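Enquirer: Would you mind keeping the following structure in view while I ask a few things?
The values are calculated or read from the model by the stated rules, or taken from the named source; none is laboratory data. Since the model is a prediction, treat every value here as computed from it, not as a measurement. For neighbour counting, all protein chains shown are included, and Cβ atoms are generated from backbone atoms with ideal geometry for every residue, glycine included. For accessibility, only protein heavy atoms count, side chains too; no ligands or nucleic acids. Shrake-Rupley method; radii C 1.70, N 1.55, O 1.52, S 1.80 Å.
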Amino acid sequence: MASTLPDPYPDTEGAAAPPSGRTGSRIEAHGIDHIPEGERHGKPRDLFAVWAAANVNYLNLVVGGALVLMGLTLWQALAVLTVGNAFWALTGLLAVSGPAAGAPSEVITRALYGVLGNRVNNAVTGWTISVCYFALNLSAAAVAAFSLVEKAGITANTGVKVVVIVVIAALTLTISVYGHAVIVKLYPAITLALVGAFTVVAVAVVRHADFGYTPAHHVSGVDLWATVLAGVTLIAAGPLSYTTSADFSRYLPPTAPKRAVLGWTALGGFLPSVAVGALGVLAATTVDMTDPQSALESMLPAWFTPVFLLALVLGTIAINALTAYSAGLALQAVGLRIRRSVSVLFDGTAAVALTLYGLLISNFLDTVNNVLQLTVVLLGPSMAIYATDIVLRRNRYDGRALGDETPGSAFWFRGGVNLSGATALAAGTTASALCVDTLYTGPLATAFGGLDLTLPVGMAVACACYAATARRA
């Protein structure tokens, strides 16, 4: 029996859900349960706007500028930005499992880790990391909103900041609670609005950019490679955080072309991430991006500054609505028998608490860099195992069988744990941790002169380990 309660429609408590799950005027009825084929509609191209709206955001501007702050030249930073965002191809690959199974990623991964093992996976990789990303993005939106409040003549004291954070979180969670249909219908309009706003930003940034920029302290040799690897890891953390991309493709019919699902998902994430990140890189060639918002405002026409700040808030609401949606599913998949709408609200409460800490106590830019680089210790191996499983199974997933959590389930394995997946994740994460050079320096990073090989080593070890043991099993 699936550990979830479907969300009842507000005016039909206890009644069966209507045949289509695509209406945007009611709270989504499904949680982690299987989506019947009669409720699965739409086309793969719908996924483009979902991912594009989520990635025209402030955080991509921040990490783009951070590449130059790390000591890279303009063209080195742009190359790192492109390579790091190439990992969106893996996010697209994971999305193809949604239409095949008619289930979210949080359930499909039972095939990787077993019914009970997957609960642990969802508690850590799914819920905890999602809430951390929610808090990071909410912090970014709040910083922009604080400035907007100040421009309106209101002093942004602690009390006002708390209210602003709660209001932004409430708007975000409203989208997440209403769910998939609202996201699909609303995000094309959000994408167009954000593209319009960021086009104005792009014109201003390009006019001021120094295309011959060279950092005062140019890195070279081993230090250059160490910086490049750290930069790729920083950028790749974004696409790697979406091991849940099947959550947004599971309503597509099972006949949806796999290449189209992969392509539209990957392009929706890749194109805006590169474009917005490049604006951060170009801006950093002429202004101090340690304070990205103030730096960018200095380039913009005075009349446009409020619009720019609103765009930053809107973009972050878009990305956080997806994050909160997946976090709610992860909480259900942990085994808590609560409705998806309730689990989303729980996630939001936890994220608000983390945001208040991140903004009022910690340093925002340092927090972003450290969290993004450290999460790939777990996210890289997790993504590699999921992608390997899709390839090995040829994307053949039985959604109804995956929903069976009893000891007789086909995905119970031994004691509720698939040792192939659990061992591969442990091996990949351990290998990654030995290569870290962020908050601490691992022994392998020391041996290689400070090169942070967290991402390639962790993913390679996890992939090889899972491929070998899963084939044998």
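Enquirer: Checking the condition open to solvent by less than 10 Å² (accessible area, probe 1.4 Å), assigned to a helix (DSSP H, G or I) and within 24 Å of V276 (Cα to Cα), which residue from I175, I183 passes?
Expert: On the way: I175 fails: open to solvent by less than 10 Å² (accessible area, probe 1.4 Å).
Being open to solvent by less than 10 Å² (accessible area, probe 1.4 Å), assigned to a helix (DSSP H, G or I) and within 24 Å of V276 (Cα to Cα) holds for just one of I175, I183, which is I183.
Enquirer: Under 21 Å from the mean Cα position of the chain (by Cα), open to solvent by 10 Å² or more (accessible area, probe 1.4 Å) and farther than 30 Å from G450 by Cβ, is that true of T199?
Expert: no
Enquirer: I'm told V274 meets every condition in (1) in a helix (DSSP H, G or I); (2) open to solvent by less than 20 Å² (accessible area, probe 1.4 Å) except one. Can you identify the failing condition by its number?
Expert: For V274, the exception is condition (2).
Enquirer: Additional query: Can you name the helices (runs of 4 or more DSSP H) wholly within region 57-120 that have at least 3 residues being closer than 30 Å to G416 by Cα, open to solvent by less than 10 Å² (accessible area, probe 1.4 Å) and touching a residue at least 40 places away in the same chain (Cβ under 8 Å)?
Expert: 88-95, 97-101, 105-108, 110-113
Enquirer: A follow-up question, please. Scan region 202-223 residue by residue and report those that are of a type in the set (A, V, I, L, M, F, W, C) and open to solvent by 40 Å² or more (accessible area, probe 1.4 Å). Spell out the reasoning first.
Expert: Let us first name the residues in region 202-223 that are of a type in the set (A, V, I, L, M, F, W, C), namely 202-206, 209, 211, 216, 219, 222.
Selection gives V203, V206, F211, A216, V222.
Enquirer: A further question on this structure: Spot the failing condition for A447; the list is (1) within 23 Å of the chain's Cα centre (by Cα); (2) farther than 30 Å from G31 by Cβ, and only one is missed.
Expert: (1)
Enquirer: Does region 334-354 contain any residue that is modelled with pLDDT of 90 or more and within 30 Å of S97 (Cα to Cα)?
Expert: yes
Enquirer: Now for a separate question. Report, ordered by the first and then the second residue, all pairs with beta carbons closer than 9 Å, sequence separation of six or more or different chains, a first member in region 331-348 that is on the phi > 0 side of the Ramachandran plot and in a loop (DSSP other than H, G, I, E, B), and a second member that is at pLDDT below 80 and not aromatic (F, W, Y).
Expert: G335/S3
Enquirer: Hey, another quick one. Does L309 satisfy the condition of being assigned to a loop (DSSP other than H, G, I, E, B) and closer than 26 Å to P188 by Cα?
Expert: no
Enquirer: Mind telling me which of the residues A467, A445 ends up being under 28 Å from G238 (Cα atoms) and either buried (at least 21 other Cβ atoms within 10 Å of the Cβ) or in contact with a Lys or Arg (Cβ under 6 Å, 6 or more places away or on another chain) (or both)?
Expert: A445
Enquirer: Would you confirm, using the coordinates I've provided, whether V63 is among the β-branched types (V, I, T), more than 19 Å from A324 (Cβ to Cβ) and modelled with pLDDT of 95 or more?
Expert: Working: among the β-branched types (V, I, T): yes; more than 19 Å from A324 (Cβ to Cβ): yes; modelled with pLDDT of 95 or more: no.
No.
Enquirer: Being under 27 Å from L402 (Cα atoms) and among the β-branched types (V, I, T), is that true of even one residue in region 152-160? Can you show your working first?
Expert: We begin by selecting, within region 152-160, every residue under 27 Å from L402 (Cα atoms); these are none.
For region 152-160, residues under 27 Å from L402 (Cα atoms) and among the β-branched types (V, I, T): absent.
Enquirer: Considering every residue within region 124-133, establish whether at least one is modelled with pLDDT of 90 or more, in a helix (DSSP H, G or I), open to solvent by less than 20 Å² (accessible area, probe 1.4 Å) and of a type outside the set (S, T, N, Q).
Expert: Looking through region 124-133, none of the residues is modelled with pLDDT of 90 or more, in a helix (DSSP H, G or I), open to solvent by less than 20 Å² (accessible area, probe 1.4 Å) and of a type outside the set (S, T, N, Q).
Enquirer: Continuing with the same structure: Tell me which residues, restricted to region 453-473, are part of a loop (DSSP other than H, G, I, E, B) and in contact with a Cys (Cβ under 6 Å, 6 or more places away or on another chain).
Expert: If the condition is that a residue be part of a loop (DSSP other than H, G, I, E, B) and in contact with a Cys (Cβ under 6 Å, 6 or more places away or on another chain), then L453 is the only one that fits.
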